[in-house]
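Asks: I'd like to ask some things about the structure below.
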Amino acid sequence: GRSGVTSPSSVLRLAGCQWTATGDPADNLATVERMTARAAEAGARLVVHPEAAMASFAGRLDTVAQPLDGAFADGVRAVAERHGVTVVVGMFTPADEVTTAEGKERSRVHNTLLVTGGGVEETTYRKIHLYDAFGGRESDTVAPGDDLSAVDVAGWSVGLATCYDVRFADQFGQLGRRGAELVVLPASWGDGPGKASQWDLLTRARAHDAQAWLLAVGQAWTPESVSGPYGIGRSALTDPTGEVRARLGGGEDLLVVEIDRETVTRTRRTIPIL
């Protein structure tokens, strides 16, 4: 503008990086680097990686967890800096000690999203809703977060959510009411009967609930018979009315998309549910 202050961009280019994590954070950091480089080359300003990108759910989380000043997070910061982009990446950070029903002491982790680089104020989000479903017990190894989180990226308010959160409509309505224009949803969504259609339904519904763009980025597909890492692919961009604008298949891939603020404004004006 005339004052010399850059006005917020009305269009934002995003990239969702769909890939399969291993149990080794150093391997996975190399993939974060490789995929982020491709995304930056494609002009993305915000680059989103899956949940559990630091290490897959197949191994022990307490022994692989790292603090936010550890080697993996520092590596992600360096990648973001090198490519001049904001990166969202799923990792595990140390949380607390609990006593199990058998009387054993066990360390739990936080299932954490780190948002860093590209001039943003570094932000984290700890997954609130834990996957105690389909026979899984995420709460045995993961401590829940309790705060909604959003970050300003190039003048856009970006809400944060992770995987199983997508089944809880209120979280997305709250993010919308707090002004989020985009919600990013990294995931490691296990395959199984009905899981693909549920993923498609829920990501569309939550974009509608938030009346925001929603970029859902999952681990690439792994067969149900494999005991981790867990993924279904099908990363997608959904608009504020719940329409799918772009979707990937199952394999490693990059989803590069643009979103515009006017679609959010128009939707909220036309259907004032928030």
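Asks: Do you know which of the residues in region 147-170 that are outside any strand (DSSP E or B) and among the hydrophobic types (A, V, I, L, M, F, W, C) is most open to solvent (accessible area, probe 1.4 Å)?
Replies: So in region 147-170, the residues outside any strand (DSSP E or B) come out as 147-149, 154-155, 161-170.
From the residues that got through so far, the ones that are among the hydrophobic types (A, V, I, L, M, F, W, C) too are 148, 154, 161, 163, 166, 168-169.
Numbers: 148: 40, 154: 36, 161: 0, 163: 9, 166: 0, 168: 72, 169: 43 Å².
Applying the filter and picking the extreme gives 168.
Asks: Considering only residues of region 4-42 that are hydroxyl-bearing (Ser, Thr, Tyr) and under 30 Å from residue 263 (Cβ atoms), which is modelled with the highest pLDDT?
Replies: Step one: of region 4-42, the residues hydroxyl-bearing (Ser, Thr, Tyr) are 6-7, 9-10, 20, 22, 31, 36.
Right, trim to under 30 Å from residue 263 (Cβ atoms) and you get 6-7, 9-10, 36.
Details: 6: 45, 7: 59, 9: 83, 10: 94, 36: 99.
By that ranking, first place goes to 36.
Asks: Please go through region 46-65 and pick out each residue that is in contact with a Phe, Trp or Tyr (Cβ under 9 Å, 6 or more places away or on another chain) and in contact (Cβ under 8 Å) with a residue 60 or more places away in the chain.
Replies: First, pick out the residues of region 46-65 that are in contact with a Phe, Trp or Tyr (Cβ under 9 Å, 6 or more places away or on another chain): 46, 49-58, 61-62, 64-65.
Across region 46-65, the qualifying residues are 46, 49, 50, 51, 52, 53, 56, 57, 58, 61, 62.
Asks: I'd like to know if region 213-232 contains one or more residues that are open to solvent by 10 Å² or more (accessible area, probe 1.4 Å) and free of Cβ contacts under 8 Å to residues at least 24 places away in the same chain.
Replies: yes
Asks: While we're on this one: Within region 57-96, how many residues turn out to be of a type in the set (Asp, Glu) and either out of contact with any strand residue (DSSP E or B) (no Cβ under 9 Å at 6 or more places or on another chain) or more than 12 Å from residue 141 (Cβ to Cβ) (or both)? Before the answer, list the steps.
Replies: Residues of region 57-96 of a type in the set (Asp, Glu): 62, 69, 74, 81, 96.
Filter once more, keeping what is either out of contact with any strand residue (DSSP E or B) (no Cβ under 9 Å at 6 or more places or on another chain) or more than 12 Å from residue 141 (Cβ to Cβ) (or both): 69, 74, 81.
Total satisfying the criteria: 3.
Asks: Select, from 145, 173, 159, the only residue that is of a type outside the set (S, T, N, Q), without any contact (Cβ under 8 Å) to a residue 60 or more places away in the chain and over 23 Å from residue 18 (Cα atoms). Show your work before the answer.
Replies: Details: 173 fails: without any contact (Cβ under 8 Å) to a residue 60 or more places away in the chain; 159 fails: over 23 Å from residue 18 (Cα atoms).
The conditions single out 145.
Asks: Within region 233-272, how many residues turn out to be surrounded by 17 or more Cβ atoms within 10 Å (Cβ to Cβ), among the hydroxyl-bearing types (Ser, Thr, Tyr) and out of contact with any Lys or Arg (no Cβ under 8 Å at 6 or more places or on another chain)?
Replies: 2
Asks: Moving on. How many of the residues in region 105-126 are open to solvent by less than 10 Å² (accessible area, probe 1.4 Å) and either in a loop (DSSP other than H, G, I, E, B) or not hydroxyl-bearing (Ser, Thr, Tyr) (or both)?
Replies: Going through region 105-126 one residue at a time, the tally reaches 5.
Asks: Name the single residue, out of those in region 171-192 being touching a helix residue (DSSP H, G or I) at 6+ places or on another chain (Cβ under 8 Å) and in a loop (DSSP other than H, G, I, E, B), that is nearest to residue 57 (Cα to Cα).
Replies: Residue satisfying both the conditions and the ranking: 188.
Asks: Residue 74 passes all but one of (1) open to solvent by 40 Å² or more (accessible area, probe 1.4 Å); (2) among the acidic types (Asp, Glu); (3) not in a helix (DSSP H, G or I); which number fails?
Replies: So residue 74 meets the others, but not (3).
The values are calculated or read from the model by the stated rules, or taken from the named source; none is laboratory data. The shown structure was predicted, so the numbers you read here are calculated from the model rather than taken from an experiment. No Cβ is skipped: glycine too gets one built from the backbone with ideal geometry, and neighbour counts run over all protein chains shown. Note: accessible area is taken over every heavy atom of the protein model, side chains too, but ligands, DNA and RNA are not part of it. Shrake-Rupley method; radii C 1.70, N 1.55, O 1.52, S 1.80 Å.
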